[in-house]
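One structure below.
No lab work stands behind these numbers, since they all come straight from the coordinates. Just so we're clear, the structure is a prediction, and the values are computed from it rather than from any experiment. Ideal geometry is used to build each Cβ from the backbone, glycine not excepted, and the neighbour counts take in all protein chains shown.
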Amino acid sequence: MVFVAAGAFIAADIYLHRAAPILRTRIINTLATRFDSRVELGRFDVSVLRGFEVSGGGLKIYPNNLDMEKPLFSVDSFSFHTGWQGLFQSPTHIGLVRISGLDINMPPKDQRKDMPRLQQANPQAGQEPGQEATKRKIEVLVDELLIDNAKLVLGTDKPGKIPLEFDIASLRMTSVGAGQPMQFHAVLTNPRPVGNIDSTGTFGPYLTANPGSTPVAGVYQFSHADLGSLKGIGGTLSSTGKYQGTLNNIVVDGQTDTPNFSLDTANHPMPLHTKFHAIVDGTNGDTYLQPVDATLGHSHILARGDVVRAEGGHGHDIRLDVTVDHARIDDMLQLGVKTTPPLMTGALTLHSSFYLPPGKVRVTDKLQLQGHFQIMNAHFTNPKIQAKVDQLSLRGQGKPDEANQEMHGGDAANAASTMQGDFTLGGSKLTIANLVYTVPGANIDMDGVYSLDGKQFDFHGKARLDAHISQMVTGWKSALLKLADPFFAKNGAGTEIPISVTGTNSDPHFGLDFGRKDSDQKPVRSKPAPLPAPATPPQR
């Protein structure tokens with residue numbers, strides 16, 4: 001018995017000292033089998049003081065049937081512990097593996113169908129593993145992976161586009177065996193806007209023959225994202241939501257809150273809240289918004305469209321169809337224009353195309369809008385401008401006495417007006433065409449430009465008033481102008497005259513524009529064009 005015990009002890013001692021090459025071989029064989037790949041393993045150290053304490057690094061995995069310059073997986077360093085008995089078991093069971101510096105390099109989308117299929121520990125009949133994989137068996141089983149400092153790179157073969165990268169600060173994965181969903185908790189670093197995304201969910205089983213069909217589901221939280229990292233806007237964004245689907249078609253439902261959203265043209269923080277339903281292609285990062293339901297201040301905004309990665313990888317092409325209803329023009333002016341208070345108040349409806357191209361310039365410099373708007377019950381906040389509007393309304397109704405009283409400090413009429421027209425925004429300037437401005441007694445038809453910094457008004461057009469020109473003044477002026485009434489009565493109006501509005505928000509100038517050629521004047525329309533119906537975005 002003594003000799004048997006001594007022999008067993010010697011055999012065990014020899015086996016323990018051979019633990020490093022045995023474990024190394026098992027790990028390489030398991031990874032080669034699981035991923036049908038060529039495996040390179042650099043450093044591999046084993047300590048046997050308290051079970052097996054294993055550490056290593058320089059791990060690289062190259063798929064057998066893909067010609068890849070970079071490995072599919074590479075690991076800077078890893079470590080794990082297993083008991084002495086683990087060496088005598090097959091497969092060896094490992095509870096937790098710690099990994100630092102994991103790089104995952106996915107090939108372009110059309111090559112992913114050629115990626116190796118993940119093999120289970122006991123392949124069943126009917127499976128089609130790689131030829132080399134069938135010669136080996138799974139020799140190591142792992143319960144949990146704890147990963148920090150990871151990067152996922154999704155390759156592309158589209159001209160002009162660069163790979164899509166995701167930085168993962170930490171990732172915990174359980175149930176990591178092949179053929180079953182993996183549970184995960186991840187913290188990702190979002191580059192723009194800068195912030196961390198915390199997500200918990202399930203991933204898989206990974207379908208290597210068709211990666212885009214791999215199931216994914218979970219919830220996320222995006223906190224304290226600094227919008228200041230996006231040039232031209234500001235604020236602190238938080239978002240929560242849930243997602244499910246496949247990598248090719250992830251359905252995301254969530255909401256965002258930005259209590260201090262601002263544009264640098266105005267620097268007037270405003271509360272912005274959104275709810276959204278989106279489809280995300282996780283294989284290339286493209287997002288389809290269906291829709292975004294937003295509230296800015298007291299204004300409701302609905303947007304649908306695409307957010308597509310731009311060529312060269314510098315930002316995104318954002319194309320939206322935007323409808324604004326139950327809104328306030330003062331909210332929009334407060335957000336985008338420096339002047340305080342906003343130039344105008346009133347109820348706003350609007351329909352517009354929205355295009356934000358990529359590029360490292362201010363959002364307000366590259367934002368492009370084109371559409372139609374309507375403002376009801378409009379009032380100017382500048383008393384000087386509103387007084388001019390009131391006097392125009394009274395004279396247009398043939399009430400010159402009341403207009404004179406207001407001009408000399410009498411009670412203000414505070415006439416409500418309506419406004420609508422077609423607009424184009426670009427280069428921080430708002431160009432308005434087919435502008436129809438209506439107050440009691442007058443209808444004004446103009447074109448012009450308004451700068452978002454409030455430093456430029458330049459509008460020209462025609463005013464059509466109900467009253468004759470002689471009815472707009474009193475005394476001898478009225479009697480004298482009766483002779484001119486027939487010359488100014490045109491197109492069914494009592495008076496039609498060319499006018500201009502120029503200057504700045506703080507110093508506007510209203511005047512007659514007789515020096516402007518008649519060919520430059522906009523033709524008078526009998527009624528404004530109706531607000532166009534929202535476009536229906538393509539379903540995805």
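Assorted remarks:
- Contact order, relative form, for the range 344-520: 17 percent (alpha carbon pairs under 8 Å, 6 or more residues apart, mean separation divided by residue count).
- Reachable aspartates and glutamates, given that their alpha-carbon falls under 14 Å from the alpha-carbon of K70 and they are not under 8 places away in the same chain: E40, D103
- Backbone phi angles across the range 433-440, fed through the Karplus curve with coefficients 6.51, -1.76 and 1.60 (θ = phi - 60°), yield HN-Hα couplings of 10, 6, 6, 10, 10, 10, 10, x Hz in residue order; Gly and Pro are listed as x.
- Quarter of the Cα convex hull surface for the range 395-470, i.e. its orientation-mean projected area (nm²): 6.1
- In units of the compact-protein estimate 2.2 N^0.38 Å, the range 158-267 shows a Cα radius of gyration of 1.26.
- Taking N as its residue count, the alpha carbon Rg of the range 243-343 over 2.2 N^0.38 Å: 1.23
- Residue (of T474, G492, T431) at the positive-pole extreme of the range 344-520, dipole from beta-carbon charges: T431
- Shown here is the pair-distance distribution of the range 344-520: with all Cα-Cα distances grouped in 10 Å bins from zero up to the longest one, the shares run 9, 33, 34, 16, 6, 2, 0 percent.
- Per-peptide packing, taken as the mean over residues of other Cβ atoms within 10 Å, places 23-30, 82-89 in the sequence 23-30, 82-89 from highest down.
- Stretching the chain fully between N65 and K482 yields a gain of 140.7 nm (0.36 nm per residue, less the alpha carbon separation).
- Working from Cα pairs under 8 Å separated by at least six residues, relative contact order for the range 312-405 is 26 percent.
- Taken one residue at a time, the phi angles of the range 257-273 give Karplus couplings (6.51, -1.76, 1.60, θ = phi - 60°) of 9, 10, x, 9, 5, 8, 10, 6, 5, 10, 6, 10, x, 9, x, 10, 10 Hz. Gly and Pro are set to x.
- Note on K231: aspartates and glutamates with a C-alpha under 14 Å away, same-chain residues under 8 apart excluded, are D264, D365.
- When both the range 224-259 and the range 37-56 are represented by their alpha-carbon centers, they are found 41 Å apart.
- In this structure, the pairs whose alpha-carbon distance is over 21 Å, taken from K109/K137; K161/K275; K462/K490; K109/K151; K366/K462; K109/K242, are K109/K137; K161/K275; K366/K462; K109/K242.
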